[in-house]
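Novice: Dumping the structure here so I can ask a few things about it.
The values are calculated or read from the model by the stated rules, or taken from the named source; none is laboratory data. As the structure is a prediction and not an experimental result, all values here were calculated from the model. Every residue, glycine as well, gets a Cβ built from its backbone with ideal geometry; the counts of neighbours run over all protein chains shown.
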Amino acid sequence: MKGLLRGRYVNGIFCILKRTNFTGAMKPRFLFILLLTSALLPAQSVLDSLNQHLHKVNSDSDYVKTLIAISDEYRANDSLLRAKENAEHALSVAAGAHYTSGKINANEKLGRLLMDLGDYSKALEYEYAALGIADSVHNLKGVSAAYNSMGIIYWYQSDLKKASEYYQKALQIQKQLKDTIGISGSLNNLGIVYKNMGDTAKALDYYRQALTLASKVKNKKGMANTFNNLGALFQVKGDPDKALSYYQRSLYIREELNDKIGIATSLSNLGALYEEMKDPDKALEYEMEALAISQEIGDLEGIKEACFELSEIYGIKNDGMKALDYYKQYITARDSLDNEEGKHNMEKLELKFQYESEKIALKKDQDKQKAIDDEKANQQQIVIIAISIGLGMVILFLIFILNRFRIIRSQKKIIELQKLEVEDKNKHITDSIYYAKRIQDSHLPTEKFIEKTIRRMKDRL
């Protein structure tokens, strides 16, 4: 049997419950964690405050955020249809305002709400929409939340392999983001998958890791979920005393938090355990209480599970009419949840998503290659510009040198001409001097003549 996959906001955690398949009387219900935000306040007080604030906001983004907060609060109080109305309004406003984060959040909320209402095909459609938008803008929290929700949807459809794949994807991103609460939830979810695969040792390891993290951050909702799942695990392992202890610890915390869905889950699990322990009267008491709560909050999964258990209990008590009546109610609830058309639509959605994912991946590769090509082109352009500048500088330098050479050569010619002129003038002056000297020499007596004249004069004396 499958278990309840529902939940509410408490201390920053959104819990979704899920049943699993068992044979005989052992059909415990398991809890899956989804990260959300809210506070533990009186319900009507919170709703009144949020509705008052809604009429005061000045931006589309704040309006969308407030609508989502109202939807969250309605869901926290198990008013799923009212929660769905506000989430749809939020999506409409976010789409009109092109508010990307709002579209991601609203789609994800609607996916979870439709999961609660048993419309898994439509829930998956909204989760794919949230994932596509979140992935396109690299919103890792949005991607992680969508993966986690999709894992739960596939768990509902008993596709453990796909459920595990999506939980692992969510876990990897949560580790990257260092999201302790999200990591604890994904570990819990993986523990459930491995328990159903028959690997109780690995399931126990995941549960212990999840419980350690939940305790570390004082996440009571997460602790209650893990206690519940540990109870189911020890029930499978044939240790009813440990199972009973963990179920009771889980129920105590859920009652403290006034978590109606969690309370119904724990009561149903205790009923199944007492049925196994051959105490049909006590089992009946717990299952009737669980059914009443599930009917009160409109939890179809919870109704289905409780009716199945009650059918078996009345069978043990040899009350065939009541056993048949509850079995019919179980079939009605089951068929409402597990219809072939819904499964077919889910397969079509997954194929469509895979196609869209491949297109997105191809576009990313193309964009990446284009970026690389553009970078290469830019680098080449830079190189060309640098070379052009270098060549320009060389040319300018050569022109400068050539011009200097011309100037120097021109100056040299001028100097040479001036030198020739000076030499010519010097030669002319020298020639004039030589000519004057010759004239002078021709008119003046020679030294020999003077000496000879002086000697004659001496001789006369």
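Novice: Being out of contact with any Phe, Trp or Tyr (no Cβ under 7 Å at 6 or more places or on another chain) and in contact (Cβ under 8 Å) with a residue 40 or more places away in the chain is the filter here, so list the residues in segment 157-173 that pass it.
Specialist: S158 - this is the single residue of segment 157-173 that is out of contact with any Phe, Trp or Tyr (no Cβ under 7 Å at 6 or more places or on another chain) and in contact (Cβ under 8 Å) with a residue 40 or more places away in the chain.
Novice: Could you identify the single residue in A163, A129, A134 that is more than 10 Å from the chain's Cα centre (by Cα), modelled with pLDDT of 90 or more and over 18 Å from L187 (Cα atoms)?
Specialist: Only one candidate passes the filter, namely A129.
Novice: Filter segment 149-165 for residues that are polar (S, T, N, Q) and either surrounded by fewer than 18 Cβ atoms within 10 Å (Cβ to Cβ) or not in a helix (DSSP H, G or I) (or both) and give the result.
Specialist: Q157, S158
Novice: Here's a check for you: in segment 328-343, which residue that is at pLDDT 90 or above and in contact with a Leu (Cβ under 9 Å, 6 or more places away or on another chain) is surrounded by the most Cβ atoms within 10 Å (Cβ to Cβ)?
Specialist: Step by step, filter segment 328-343, then rank; the result is Y330.
Matching residues to (1) surrounded by fewer than 18 Cβ atoms within 10 Å (Cβ to Cβ); (2) acidic (D, E); (3) under 18 Å from S266 (Cα atoms):
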site: Y167; (1), (2), (3): no, no, no
site: T180; (1), (2), (3): yes, no, no
site: K221; (1), (2), (3): no, no, yes
site: F234; (1), (2), (3): no, no, yes
site: D241; (1), (2), (3): yes, yes, yes
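Novice: Also, quick follow-up: If I ask for residues that are closer than 15 Å to Q172 by Cα and assigned to a helix (DSSP H, G or I), which ones from segment 136-148 would you list?
Specialist: Scanning segment 136-148 gives L140, K141, G142, V143, S144, A145, A146, Y147, N148.
Novice: Determine which single condition K221 fails, assuming it passes every other condition in (1) part of a helix (DSSP H, G or I); (2) more than 21 Å from F234 (Cα to Cα).
Specialist: Result: K221 passes all but (2).
Novice: Given the condition of a type in the set (S, T, Y) and more than 23 Å from the chain's Cα centre (by Cα), answer yes or no: does some residue in segment 73-90 qualify?
Specialist: The answer is yes; a qualifying residue exists.
Novice: Pull up segment 249-290, narrow it to residues that are outside any helix (DSSP H, G or I) and of a type outside the set (K, R), then point me to the one that is nearest to the chain's Cα centre (by Cα).
Specialist: Filtering first and then ranking leaves D259.
Novice: Being among the polar types (S, T, N, Q), within 23 Å of I293 (Cα to Cα) and either out of contact with any helix residue (DSSP H, G or I) (no Cβ under 8 Å at 6 or more places or on another chain) or modelled with pLDDT under 90 (or both), is that true of even one residue in segment 51-60?
Specialist: There is no residue in segment 51-60 that is among the polar types (S, T, N, Q), within 23 Å of I293 (Cα to Cα) and either out of contact with any helix residue (DSSP H, G or I) (no Cβ under 8 Å at 6 or more places or on another chain) or modelled with pLDDT under 90 (or both).
Novice: So is L244 modelled with pLDDT of 95 or more and under 17 Å from G185 (Cα atoms) or not?
Specialist: No; evaluated as a whole, the condition is false for this residue.
Novice: Looking at the structure I just gave you, is N189 touching a Ser or Thr at 6+ places or on another chain (Cβ under 8 Å), buried (at least 23 other Cβ atoms within 10 Å of the Cβ) and within 30 Å of L91 (Cα to Cα)?
Specialist: Judged against the criteria, N189 is not a match.
Novice: When you look at A243, is it in a helix (DSSP H, G or I) and closer than 23 Å to A292 by Cα, yes or no?
Specialist: In short, no.
Novice: State the number of residues belonging to segment 274-320 that are in contact with a strand residue (DSSP E or B) (Cβ under 9 Å, 6 or more places away or on another chain) and closer than 19 Å to V236 by Cα.
Specialist: Within segment 274-320, residues that are in contact with a strand residue (DSSP E or B) (Cβ under 9 Å, 6 or more places away or on another chain) and closer than 19 Å to V236 by Cα number 1.
Novice: Quickly run through segment 56-74 and pick out the residues that are charged (D, E, K, R) and part of a loop (DSSP other than H, G, I, E, B).
Specialist: K56
Novice: Quick check on this structure: which one of N228, N258 is closer than 24 Å to D299 by Cα, free of Cβ contacts under 8 Å to residues at least 12 places away in the same chain and touching a strand residue (DSSP E or B) at 6+ places or on another chain (Cβ under 9 Å)?
Specialist: N258
Novice: I've got another one for you. What about Y286, is it buried (at least 24 other Cβ atoms within 10 Å of the Cβ) and among the aromatic types (F, W, Y)?
Specialist: Considered against the rule, which asks whether it is buried (at least 24 other Cβ atoms within 10 Å of the Cβ) and among the aromatic types (F, W, Y), Y286 comes out as yes.
Novice: Hey, any hits in segment 299-311 for a residue that's over 20 Å from L251 (Cα atoms), modelled with pLDDT under 90 and not hydroxyl-bearing (S, T, Y)?
Specialist: yes
Novice: Taking segment 95-124 as the region of interest, how many residues are surrounded by fewer than 21 Cβ atoms within 10 Å (Cβ to Cβ), part of a helix (DSSP H, G or I) and of a type outside the set (S, T, N, Q)?
Specialist: Number of matching residues: 3.
Novice: Looking at K56, K141, which is the one that is over 18 Å from the mean Cα position of the chain (by Cα), surrounded by fewer than 24 Cβ atoms within 10 Å (Cβ to Cβ) and over 24 Å from I303 (Cβ atoms)?
Specialist: On inspection, the qualifying residue turns out to be K56.
Novice: Further question: Does at least one position in segment 76-95 carry a residue that is charged (D, E, K, R), under 29 Å from T265 (Cα atoms), touching a residue at least 12 places away in the same chain (Cβ under 8 Å) and touching a strand residue (DSSP E or B) at 6+ places or on another chain (Cβ under 7 Å)?
Specialist: Checking segment 76-95: not a single residue is charged (D, E, K, R), under 29 Å from T265 (Cα atoms), touching a residue at least 12 places away in the same chain (Cβ under 8 Å) and touching a strand residue (DSSP E or B) at 6+ places or on another chain (Cβ under 7 Å).
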